[in-house]
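The values are calculated or read from the model by the stated rules, or taken from the named source; none is laboratory data. All of these numbers come straight from a predicted model, not from anything done at the bench. Neighbour counts are summed over all protein chains in view; Cβ atoms, including those assigned to glycine, are modelled from backbone coordinates with ideal geometry. Accessible surface areas use protein heavy atoms only, side chains included; no ligands, DNA or RNA. Shrake-Rupley method; radii C 1.70, N 1.55, O 1.52, S 1.80 Å.
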Amino acid sequence: MKATPSFTIRNGSGMSLTASALGGIVTSLRAPDAKGRPGEVLLACARPEQHHANGYMNAIIGRYGNRISRGGFALDGEFRALAQNSGGRKHPCSLHGGAKGFDQKVWQARRFEAADGPAIEFTTLSPDGDENFPGNLFVRVVYTLTRDNAWRIDYLATTDRPTVVNLTQHAYFNLNGGARDVSDHVVQVNASRFTEVDAALLPTGRVPPVEGTALDLRDPVRLGDRFALAAKDRLLKGVGGGFDHNFVLDRKGPGLDFAAFFADPESGRTMEVWTTEPCVQVYSANFLEPSTPARRGQKYGRHWAVCFETQHAPDSPNQPSFPSVRLDPGDVYRSTTVYAFGTLDAHEDGCSCGCHDR
Ligand code: BGC
């Protein structure tokens, strides 16, 4: 069997990224620590094929990132049943694109030089009826390593029939090279509201304030301090003990906006998340198993990473009050997310994200 190709890009400023044509899975992402030494900032499995069964690790997610309830959705009066690939018999739902989502596709991939740095382009044509979603969907995802040390992801999609689209990346960030869990990492999320979910992790339609709850991450908090509340706190306990919530971002307008900040005091690495999307799913790897076939010499488990899955809200096709995820022929779906890496001293000296402004 021919191995699926994989591609490496280097930006000349200390960052490198390796990704497979299988699911665009990132098997290595390295960024400098406070002393300028490059190290891994993502967990990874030993082989790309293992990432799907281990929490969709580091893959492109589509056609619909996150959950869809009610067995599917209706579009223009036509019901589309979706694979019930999550939640078991008790709470069945469709998760991350269905039985064979974009993370399991072999994409066309090539390396090229973009204006602001080396890049990898992934393209695919998802045929009409793929996982029972309507329309032939052309998708292009570009990973760029910018010269100022950001991993930028640009998503584009077009269709020939009305459909729904919600693309994201399921990267498992651990800024300390996966040396230990992320309890000592600091997190901040620029969101005053979140989408409330039921026991099945499906949105109720309500979007309550984070104020006064364990989900208030508007000022930086040490993750371990929140994980310590998980056994008793209703919101953290209900999602497997930690964060697995869709935060509705406090956006200033259209375009790229600050979504989240993540930092590891030990290595001194920081990461800012900027996005054009209205929401981010913050998932603290609550279901990551110690049996994960980790990259050589490593062992992972619960709370060993945080995913910042920029997106439209879960179950939007069934929630008329949420921003629409509909894509029509002639329109272009575009979404951009930037994971910008730096170090704590530089961050203290003057960040651009506004996290000190509050
Ligand atoms: C979801 C989690 C799920 C995980 C699977 C996240 O996007 O929010 O509930 O367990 O993906 O890896």
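If T270 satisfies all but one of (1) of a type in the set (S, T, Y); (2) in contact with a strand residue (DSSP E or B) (Cβ under 6 Å, 6 or more places away or on another chain); (3) part of a loop (DSSP other than H, G, I, E, B), what's the number of the condition it fails?
Going through the list (1) of a type in the set (S, T, Y); (2) in contact with a strand residue (DSSP E or B) (Cβ under 6 Å, 6 or more places away or on another chain); (3) part of a loop (DSSP other than H, G, I, E, B), T270 breaks only (3).
Kindly indicate whether R147 is more than 16 Å from the ligand (Cβ to nearest atom), under 24 Å from A313 (Cα atoms) and not polar (S, T, N, Q).
Details: more than 16 Å from the ligand (Cβ to nearest atom): yes; under 24 Å from A313 (Cα atoms): no; not polar (S, T, N, Q): yes.
The answer is no for R147.
I'm told K232 meets every condition in (1) part of a helix (DSSP H, G or I); (2) open to solvent by 40 Å² or more (accessible area, probe 1.4 Å) except one. Can you identify the failing condition by its number?
(1)
Which condition number does K237 fail, the rest of (1) more than 16 Å from the ligand (Cβ to nearest atom); (2) surrounded by fewer than 17 Cβ atoms within 10 Å (Cβ to Cβ) being met?
Result: K237 fails condition (1) only.
Among the residues in region 323-333, are any of a type in the set (G, A, S), free of Cβ contacts under 8 Å to residues at least 40 places away in the same chain and within 21 Å of A53 (Cα to Cα)?
The first filter runs over region 323-333 and keeps only residues of a type in the set (G, A, S), leaving 324, 330.
Within this subset, residues satisfying the condition of being free of Cβ contacts under 8 Å to residues at least 40 places away in the same chain are 324, 330.
With the extra rule that they be within 21 Å of A53 (Cα to Cα), the set shrinks to none.
There is no residue in region 323-333 that is of a type in the set (G, A, S), free of Cβ contacts under 8 Å to residues at least 40 places away in the same chain and within 21 Å of A53 (Cα to Cα).
Those residues that are within 15 Å of the ligand (Cβ to nearest atom), closer than 14 Å to N174 by Cα and either of a type outside the set (A, V, I, L, M, F, W, C) or part of a loop (DSSP other than H, G, I, E, B) (or both), I need them from region 294-309; list them, please. Before the answer, list the steps.
Our first condition is that a residue be within 15 Å of the ligand (Cβ to nearest atom); within region 294-309, this holds for 300-309.
Still in the running and closer than 14 Å to N174 by Cα: 300-308.
Selection gives Y300, G301, R302, H303, W304, A305.
Can you name the number of the only condition in (1) in contact (Cβ under 8 Å) with a residue 60 or more places away in the chain; (2) assigned to a loop (DSSP other than H, G, I, E, B); (3) away from the ligand (no atom under 13 Å from the Cβ) that S291 fails?
The number of the failed condition is (1).
Looking at region 268-287 only, could you name the residues that are among the acidic types (D, E) and either open to solvent by 10 Å² or more (accessible area, probe 1.4 Å) or touching a helix residue (DSSP H, G or I) at 6+ places or on another chain (Cβ under 6 Å) (or both)?
Matches in region 268-287: E272 only.
Please specify each residue of region 211-221 satisfying the condition of being open to solvent by less than 50 Å² (accessible area, probe 1.4 Å) and out of contact with any strand residue (DSSP E or B) (no Cβ under 6 Å at 6 or more places or on another chain). First the steps, then the outcome.
So in region 211-221, the residues open to solvent by less than 50 Å² (accessible area, probe 1.4 Å) come out as 213-218, 221.
Once the filter is applied, which keeps residues that are open to solvent by less than 50 Å² (accessible area, probe 1.4 Å) and out of contact with any strand residue (DSSP E or B) (no Cβ under 6 Å at 6 or more places or on another chain), region 211-221 yields T213, A214, D216, R218, V221.
Mind counting the residues in region 68-93 that are in a loop (DSSP other than H, G, I, E, B) and either surrounded by 11 or more Cβ atoms within 10 Å (Cβ to Cβ) or within 16 Å of the ligand (Cβ to nearest atom) (or both)?
Kept after step one, since they are in a loop (DSSP other than H, G, I, E, B), are these residues of region 68-93: 69-71, 76-77, 82-85, 87-92.
Subsequent filtering for residues that are either surrounded by 11 or more Cβ atoms within 10 Å (Cβ to Cβ) or within 16 Å of the ligand (Cβ to nearest atom) (or both) retains 69-71, 82-85, 87-88, 90-92.
Final tally of qualifying residues: 12.
Identify the single condition in (1) among the small types (G, A, S); (2) open to solvent by 30 Å² or more (accessible area, probe 1.4 Å); (3) farther than 25 Å from D148 by Cβ that G36 does not satisfy, given that it satisfies every other one.
In the conditions (1) among the small types (G, A, S); (2) open to solvent by 30 Å² or more (accessible area, probe 1.4 Å); (3) farther than 25 Å from D148 by Cβ, G36 misses (3) alone.
I'm checking my understanding of the structure. Among residues of region 314-347 that are of a type in the set (V, I, T) and part of a loop (DSSP other than H, G, I, E, B), which one is most open to solvent (accessible area, probe 1.4 Å)? Don't jump to the end; show me each part of the working.
Taking region 314-347 first, the residues of a type in the set (V, I, T) are 325, 332, 336-338, 343.
Adding the requirement that they be part of a loop (DSSP other than H, G, I, E, B) leaves 325, 332.
Values: V325: 11, V332: 70 Å².
For region 314-347, the residue satisfying everything is V332.
Could we say that P290 is open to solvent by 10 Å² or more (accessible area, probe 1.4 Å) and touching a Pro at 6+ places or on another chain (Cβ under 6 Å) here?
Details: open to solvent by 10 Å² or more (accessible area, probe 1.4 Å): yes; touching a Pro at 6+ places or on another chain (Cβ under 6 Å): no.
No: the conditions fail for P290.
Against the definition (under 30 Å from G342 (Cβ atoms) and either within 15 Å of the ligand (Cβ to nearest atom) or open to solvent by 10 Å² or more (accessible area, probe 1.4 Å) (or both)), how does G65 come out, yes or no? Step through it out loud before you land on a result.
Values: under 30 Å from G342 (Cβ atoms): yes; either within 15 Å of the ligand (Cβ to nearest atom) or open to solvent by 10 Å² or more (accessible area, probe 1.4 Å) (or both): yes.
Criteria met by G65.
Is there a residue being of a type in the set (S, T, N, Q), within 15 Å of the ligand (Cβ to nearest atom) and open to solvent by less than 40 Å² (accessible area, probe 1.4 Å) anywhere in region 250-267?
Applying the first criterion (of a type in the set (S, T, N, Q)) to region 250-267 yields 267.
Within this subset, residues satisfying the condition of being within 15 Å of the ligand (Cβ to nearest atom) are none.
Among the residues of region 250-267, not one is of a type in the set (S, T, N, Q), within 15 Å of the ligand (Cβ to nearest atom) and open to solvent by less than 40 Å² (accessible area, probe 1.4 Å), which makes the answer no.
Looking at region 1-35 only, could you name the residues that are charged (D, E, K, R) and assigned to a loop (DSSP other than H, G, I, E, B)? Let's see the steps before the verdict.
Taking region 1-35 and keeping what is charged (D, E, K, R), we get 2, 10, 30, 33, 35.
Answer for region 1-35, where residues must be charged (D, E, K, R) and assigned to a loop (DSSP other than H, G, I, E, B): K2, D33, K35.
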